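See below for the structure under consideration.
Where a number appears in this text, it was derived from the coordinates with a stated rule and is not lab data. Here the structure is a predicted model, which is why all the values come from computation and not from measurement. Positions of Cβ are backbone-derived with ideal geometry, glycine not excepted, and every protein chain shown enters the neighbour counts.
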Amino acid sequence: MLNTPLISIILPIYNAELFLAESIDSILNQTYQNFELILLNDGSTDNSEKICLSYTDSRIRYYKHANMGLAATLNKGIDISKGHYIARQDNDDISMPQRLEKQVNYLIQHPQVVLLGTRALIFSDKYPNYGQHNHPTSSAILKFDLLFDNPFVHSSVMFSKEIVQSVGGYSLNRNYYEDHHLWSALAFKGKVANLPEYLVKYRHHEKGLSKITSYYEASPLFNQTLFNLNKLLAQESNGNQELAKLYHHNYKITEQFDFELILSTLTKINFNLQEEFPEESIELKKRYELYKKVLQSRFNMYQRKITPKFSLKQFWLKIEHKLFRYKSTIYD
């Protein structure tokens with residue numbers, strides 16, 4: 001092993017005894033070998049420490065601290081890491097053998113990319129072929145999607161230590177999801193991408209860290225969307241507020257929407273991204289039209305909420321949704 005690893009894999013651990021060994025083994029068995037694996041035990045009360053200490057591989061660095069949460073644990077891992085690149089690994093997911101090799105080769109060949117994820121297979125103990133995360137791969141579309149949602153599998157990402165520290169690392173602000181907030185910040189610094197290959201197996205189970213929502217304040221997705229829109233469009237506006245509220249269903253029935261203002265804001269987003277990514281104008285136009293259909297669907301849903309159930313207008317709104325082929329979501 002070289003004295004200075006090129007990659008530091010950060011693996012936070014919290015009561016992960018059921019799946020931890022499988023997760024660690026998937027990193028140790030990578031085809032790319034110049035890495036360190038930082039195991040961060042965030043105050044586990046099960047046998048996680050015993051499992052960690054059973055490994056004698058010199059590439060492993062093990063730390064234990066009192067419970068301080070995922071974001072703070074990840075920031076600690078970044079601070080103590082030695083590698084130029086940081087890779088993430090969750091304590092219940094599995095990295096495919098060529099994951100690190102393919103990601104580091106891509107980043108070396110594309111230095112303008114500041115965040116690189118991969119697609120992922122979703123599985124569970126009951127359903128080995130549960131599904132897939134087929135997230136977009138191009139920077140332009142990913143930046144569009146990041147305005148509203150998180151198109152990255154956290155356990156698949158790799159980025160440079162320098163760039164993530166330049167934006168302040170993971171946020172401890174509970175008004176935002178720490179990963180979505182960081183990916184959004186990085187997208188404003190450079191290009192982002194996903195490899196079109198399934199290089200991670202994402203484990204779906206009810207005790208997964210991504211299922212724990214009690215840590216966050218209300219409406220973190222709405223908060224992130226509004227933050228992103230204000231930053232992208234360099235201004236706060238009623239259009240940003242209304243678009244974010246409608247997209248995330250974050251409104252009271254007594255509120256009224258100016259749908260033309262919402263579509264005007266969406267057009268501004270598309271124009272801004274077209275200027276940044278002229279080479280992807282056709283794909284951006286398609287994405288714009290898709291978001292337009294999603295917003296039309298959600299406005300239709302809003303109208304149905306404020307319309308008497310058995311009225312003629314209610315009946316027409318349901319027909320309208322099908323007739324104009326509105327889409328309820330971006331990802332099928």
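In the structure shown, the pairs K252/K285; K102/K285; K268/K327; K252/K327; K143/K286 are assessed against 26 Å; a Cα-Cα span above that value is assigned to K252/K285; K102/K285.
Computed from the alpha carbon positions, the gyration tensor of the range 1-82 leads to an equivalent ellipsoid with semi-axes of 20, 16, 10 Å, biggest first.
For the range 252-332, the set of GluC sites (Glu not before Pro) satisfying both a DSSP loop assignment and a count of at most 14 other C-beta atoms within 10 Å is given as E255.
In plain terms, the C-alpha convex hull of the range 124-176 casts an average shadow of 5.7 nm² when viewed from every direction.
Within the same chain, aspartates and glutamates fewer than 8 places from K309 are excluded, and of the rest, those with a Cα less than 17 Å from its Cα are E320. Loop-located trypsin sites (Lys or Arg not before Pro) in the range 289-319 (DSSP state other than H, G, I, E, B) with a sparse environment of at most 12 neighbouring Cβ atoms within 10 Å: K309. Of all aspartates and glutamates in the structure, the ones whose alpha carbon falls short of 20 Å from that of K231, not counting any fewer than 8 places away in one chain, are D145, D149, E178, D179, E242, E275, E276. Computed from the alpha carbon atoms alone, the convex hull of the range 1-157 holds 128 Å³ per residue. Close amide H pairs (under 5 Å, H built 1.01 Å from N) link Q132 with I122, residues at least 5 positions away or on another chain. Stokes-Einstein diffusion for the range 130-276, with the hydrodynamic radius set to the Kirkwood value over Cα pairs and evaluated at 20 °C in a medium of 1.002 mPa s, equals 129 µm²/s. Our summary of shape: the Cα atoms of the chain have principal axis extents of 70, 42, 34 Å, ordered from largest down, in whole angstrom.
Based on DSSP, what percent of beta bridges with both residues in the range 11-134 are antiparallel, to the nearest 5?
Values: 3 of 12 bridges.
Rounded to the nearest five, the antiparallel share is 25 percent.
The fraction of Cα-Cα pairs per 5 angstrom bin, counted from 0 for the range 230-285, comes to 4, 18, 26, 19, 17, 10, 4, 2, 0 percent, rounded to whole percents.
Based on the reciprocal of the average 1/r between different C-alpha atoms, the Kirkwood radius for the range 80-143 equals 13.9 Å. Only DSSP H runs of four or more residues enter the estimate; each adds -39500 (n - 2.57), and after division by the residues of the chain the mean residue ellipticity at 222 nm equals -13000 deg cm²/dmol.
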